[in-house]
Amino acid sequence: MIPFLDLNQINKPYLEAIEEVSLRVLRSGWYILGRELQDFESAFAEYCGAPYCIGVANGLDAIGLILRAYDFPAHSEIIVPGNTYIASLLPVSYLGLVPVLIEPDPYTMLIDPQKIERSITSETRAILCVDLYGRSCEMEAVNEIALRYNLKVITDAAQAHGAVYNGRKVGSIADATAFSFYPTKNLGALGDAGAITTSDGALAEKIMYLRNYGSKERYKNDYLGVNSRLDEIQAAILGVKLPFLDTENKRRREIARCYLSGITLENLILPPDDRIDEDAWHLFVVRHPDRNALIKHLGASGVQTNVHYPLPVHKQKAYADINHLSLPLTESIHQQVISLPLNPVLTDEEISYIVGAVNQFGNQK
Ligand SMILES: *Cc1c(COP(=O)(O)O)cnc(C)c1O
């Protein structure tokens, strides 16, 4: 069986270095908000081309802390893509803000800038872009709308470390960008971790305090903050892996290229191929009208797949208040998507095998 993702294999090349830095932290006697975190924050800021980076506990908190720092009035509307993972919307809801869901571009499956403007009202304060599957949203169009309506642009880049848009790395394009370093992401820790990048110094400073109980000075709390810190061991581990992110993303791009040129199955929609060397290819998401049969066929052929995601956020039980919304494009995407294995440890033989297995669908008799 070719596994969808094997974290043991993913982390194998780094194990010795990870052991070394973990031991360094263990022996240092300093576990939270120290040198390791500062070093990683500087390295990740530089990697993204962003002046500031603040490490936080996870990707969900990264989004939430950006929204908290902006301190929008209650009931402000935040424009969000309908096609995303629930973590993009939850922080909006927690803070008493209103997520306004819009349909994706049918080609990229990402937020469609042409559909943003009609959803803007006098209550709108921000556009939340999600660089889903590892591809940057159309930021030129989004930023132009935001400028015209005086809105903040926030990006959920939990799946897009190292993706590039118009020559700029994700993390340096929006007003503030949220990253997750959950173990399965392109840059993954060995536990939970996240970060925020921004070029706004005042925002960065506020988030630094907010992640640590709103405290500027020990035992003096200027804001109603939270506890969302990236610990020293995870920061040190991320520092080991960051220098290899571009090499790993390069391998992801090679694999994407093989899939895009090799897969010829009729009725199968491939992901966009116009920016192969800029997208970070966190996931390789294809669409097929008989998705479940294709999953079964691939499973029987020894290829493990996944579905990102089977049920849209607005149809989740947790979001009963918006279950009535109708987003036909978003809903059809959720019915048709399959994620093929795409990760830097796949071998050339496995890739050819997967291409062959997909192309065989329907002719296996
Ligand atoms: C993983 C992910 C998150 C949440 O990250 P956590 O670190 O698990 O909190 C948010 N948004 C998207 C699109 C993700 O893929």
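Here is a check on your reading of the model: is LYS315 open to solvent by 30 Å² or more (accessible area, probe 1.4 Å) and at pLDDT 95 or above?
Working: open to solvent by 30 Å² or more (accessible area, probe 1.4 Å): yes; at pLDDT 95 or above: yes.
Criteria met by LYS315.
Being at pLDDT 95 or above, more than 30 Å from VAL153 (Cβ to Cβ) and open to solvent by 80 Å² or more (accessible area, probe 1.4 Å) is true for just one of ARG68, ARG27. Which residue is that? Please lay out each step first, then the result.
Numbers: ARG68 fails: more than 30 Å from VAL153 (Cβ to Cβ).
On inspection, the qualifying residue turns out to be ARG27.
For a quick check of your reading: which helices (runs of 4 or more DSSP H) sit entirely within region 2-74 and have at least 3 residues that are more than 16 Å from the ligand (Cβ to nearest atom)?
Details: elements: 7-11, 15-28, 35-48, 59-70.
Correct list: 7-11, 15-28, 35-48.
Here is a list of conditions, (1) more than 10 Å from the ligand (Cβ to nearest atom); (2) out of contact with any Asp or Glu (no Cβ under 8 Å at 6 or more places or on another chain); (3) not in a loop (DSSP other than H, G, I, E, B), and ILE173 meets all of them except one; can you say which number that is?
(3)
On the basis of being within 11 Å of the ligand (Cβ to nearest atom) and touching a helix residue (DSSP H, G or I) at 6+ places or on another chain (Cβ under 9 Å), does LEU128 make the cut? Explain how you work it out, then say what you get.
Working: within 11 Å of the ligand (Cβ to nearest atom): yes; touching a helix residue (DSSP H, G or I) at 6+ places or on another chain (Cβ under 9 Å): yes.
Yes, satisfied.
Going by the structure shown, is VAL285 within 16 Å of the ligand (Cβ to nearest atom), touching a residue at least 60 places away in the same chain (Cβ under 8 Å) and β-branched (Val, Ile, Thr)? Spell out how you get there, then give the answer.
Values: within 16 Å of the ligand (Cβ to nearest atom): yes; touching a residue at least 60 places away in the same chain (Cβ under 8 Å): yes; β-branched (Val, Ile, Thr): yes.
Against the criterion (within 16 Å of the ligand (Cβ to nearest atom), touching a residue at least 60 places away in the same chain (Cβ under 8 Å) and β-branched (Val, Ile, Thr)), VAL285 qualifies.
Would you pick out the residues in region 165-187 that are surrounded by fewer than 22 Cβ atoms within 10 Å (Cβ to Cβ) and in contact (Cβ under 8 Å) with a residue 12 or more places away in the chain? Please lay out each step first, then the result.
The first filter runs over region 165-187 and keeps only residues surrounded by fewer than 22 Cβ atoms within 10 Å (Cβ to Cβ), leaving 165-168, 172, 175, 182-185.
Answer for region 165-187, where residues must be surrounded by fewer than 22 Cβ atoms within 10 Å (Cβ to Cβ) and in contact (Cβ under 8 Å) with a residue 12 or more places away in the chain: TYR165, ASN166, ARG168, SER172, ASP175, TYR182, PRO183, THR184, LYS185.
Pull up region 188-206, narrow it to residues that are open to solvent by 40 Å² or more (accessible area, probe 1.4 Å) and among the hydrophobic types (A, V, I, L, M, F, W, C), then point me to the one that is farthest from the ligand (Cβ to nearest atom).
This residue is ALA202.
The values are calculated or read from the model by the stated rules, or taken from the named source; none is laboratory data. As the structure is a prediction and not an experimental result, all values here were calculated from the model. In this analysis, Cβ positions are derived from the backbone assuming ideal geometry, glycine residues included, and neighbour counts consider all displayed protein chains. To get the accessible areas, we keep the full protein, side chains included, count just its heavy atoms, and leave off ligands, DNA and RNA. Shrake-Rupley method; radii C 1.70, N 1.55, O 1.52, S 1.80 Å.
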